[in-house]
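The values are calculated or read from the model by the stated rules, or taken from the named source; none is laboratory data. Values in this document were obtained by computation on a predicted structure and should not be read as measured data. Counting neighbours? That spans all protein chains shown, and the Cβs are built from the backbone with ideal geometry, glycine included.
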Amino acid sequence: MKLTYYGHASFGVEVGGKHLLFDPFITPNDKAKHIDIKQIKADYILVTHGHGDHIADVVAIAEHTGATVIGTPEVLNWLKKKGDLKHTHEMNFGSADFEFGRVSFVPATHSSGLPDGSYGGNPGGYVIASAGGNFYFAGDTALTMDMQLIPHYAKVDFAVLPIGGNYTMDAKDAVKASDFIGCNKIVGVHYDTFSVITIDKEQAKTLFRMAEKELLLPDIGESIDL
Ligand code: NI
Ligand code: MN
């Protein structure tokens with residue numbers, strides 16, 4: 001699987017010939033000014049929750065690509081009022097089959113209000129199980145025992161976890177999460193975008209190395225094979 005990082009908690013994964021894009025927050029991100037959202041390919045856009053730093057570019061990219069947007073009914077109904085979303089697939093906690101594989105929307109310990117204060121339903125993460133590989137994106141979440149259920153959905157090849165602290169897990173919590181998930185290859189996201197989530201990247205990598213795990217921190221715009 002090829003993963004491309006777009007900054008903050010936004011990334012794309014190519015799986016089964018389809019482009020999956022998660023939580024696009026690119027144009028408002030000063031650190032991602034070199035990313036042109038018109039160049040981003042997306043067949044599906046998966047949204048974990050309603051916070052502005054996860055949905056900012058959903059409508060623009062969906063209009064441009066015609067991608068199917070996956071998310072909670074509350075978040076999708078709000079986004080539909082902001083633009084012309086032609087294809088949506090609403091999910092709550094549960095699993096559904098798509099042409100590229102099986103998607104399980106799983107709980108996150110966080111909140112999910114929309115930018116204007118509207119109710120956004122519950123926040124979650126996604127487990128993707130496909131013929132081309134399996135992975136988990138936790139979304140914004142604290143460390144939670146629920147992560148012990150991830151192996152029930154799939155034996156994941158890698159997991160994308162927030163490591164910035166303050167609003168989510170930090171690197172120390174993410175090491176424990178990786179035990180729960182049963183995966184030692186972690187891509188760290190949700191750090192350095194804002195001053196309160198600034199981290200020491202080398203220190204975070206060392207924490208993982210000491211636990212005989214790998215923390216990958218791709219540059220914004222970089223693609224890695226996983
Ligand atoms: Ni959030
Ligand atoms: Mn966030």
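Taking PHE25, is it over 14 Å from the mean Cα position of the chain (by Cα), closer than 29 Å to LEU149 by Cα and hydrophobic (A, V, I, L, M, F, W, C)? The answer is no for PHE25.
So, in region 111-152, of the ones that are in contact with a helix residue (DSSP H, G or I) (Cβ under 8 Å, 6 or more places away or on another chain) and not in a loop (DSSP other than H, G, I, E, B), which residue ends up farthest from LEU20 (Cα to Cα)? Only one residue tops the list, namely MET145.
Quick one: which residue in ALA108, ALA174 is buried (at least 23 other Cβ atoms within 10 Å of the Cβ) and farther than 22 Å from ASP57 by Cβ?
On the way: ALA108 fails: farther than 22 Å from ASP57 by Cβ.
Going through ALA108, ALA174 in turn, the sole match is ALA174.
For (1) within 22 Å of ASP116 (Cα to Cα); (2) surrounded by fewer than 18 Cβ atoms within 10 Å (Cβ to Cβ); (3) more than 16 Å from ligand 2 (Cβ to nearest atom); (4) at pLDDT 95 or above, each residue gets a yes or a no:
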{"residue": "LYS2", "(1), (2), (3), (4)": "no, yes, yes, yes"}
{"residue": "GLY7", "(1), (2), (3), (4)": "no, no, no, yes"}
{"residue": "PHE11", "(1), (2), (3), (4)": "no, no, no, yes"}
{"residue": "LEU46", "(1), (2), (3), (4)": "yes, no, no, yes"}
{"residue": "HIS51", "(1), (2), (3), (4)": "yes, no, no, yes"}
{"residue": "ALA60", "(1), (2), (3), (4)": "yes, yes, yes, yes"}
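Of the helices (runs of 4 or more DSSP H) lying entirely inside region 1-105, those containing at least 1 residues that are closer than 24 Å to ASP225 by Cα and out of contact with any Gly (no Cβ under 8 Å at 6 or more places or on another chain) span 58-65. For region 4-26, name all the residues that are more than 16 Å from ligand 1 (Cβ to nearest atom), touching a helix residue (DSSP H, G or I) at 6+ places or on another chain (Cβ under 9 Å) and of a type in the set (Phe, Trp, Tyr). Within region 4-26, TYR6 is the sole residue that qualifies. In region 153-180, the qualifying residues are those that are in contact with a His (Cβ under 8 Å, 6 or more places away or on another chain) and part of a loop (DSSP other than H, G, I, E, B), and the one that is farthest from ligand 1 (Cβ to nearest atom) is ILE163. For beta carbons closer than 7 Å, sequence separation of 6+ or different chains, a first residue in region 128-144 that is within 16 Å of ligand 2 (Cβ to nearest atom) and a second that is outside any loop (DSSP other than H, G, I, E, B) and of a type in the set (D, E, K, R), the qualifying pairs are LEU143/ASP173; LEU143/LYS176.
Residues in region 181-195 that are touching a residue at least 24 places away in the same chain (Cβ under 8 Å), surrounded by fewer than 17 Cβ atoms within 10 Å (Cβ to Cβ) and part of a helix (DSSP H, G or I): there are none.
Condition check ((1) among the hydrophobic types (A, V, I, L, M, F, W, C); (2) surrounded by fewer than 18 Cβ atoms within 10 Å (Cβ to Cβ); (3) out of contact with any Phe, Trp or Tyr (no Cβ under 9 Å at 6 or more places or on another chain)) across all residues:
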position: PRO123; (1), (2), (3): no, no, yes
position: LEU143; (1), (2), (3): yes, no, no
position: PRO151; (1), (2), (3): no, yes, no
position: ALA154; (1), (2), (3): yes, no, no
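Just to be sure I understand the filter: pairs with C-beta atoms under 8 Å, separated by 6 or more residues or on different chains, first member in region 23-42 and among the aromatic types (Phe, Trp, Tyr), second member not in a loop (DSSP other than H, G, I, E, B). Which pairs pass? What qualifies is PHE25/GLY52; PHE25/ASP53; PHE25/HIS54; PHE25/ILE55.
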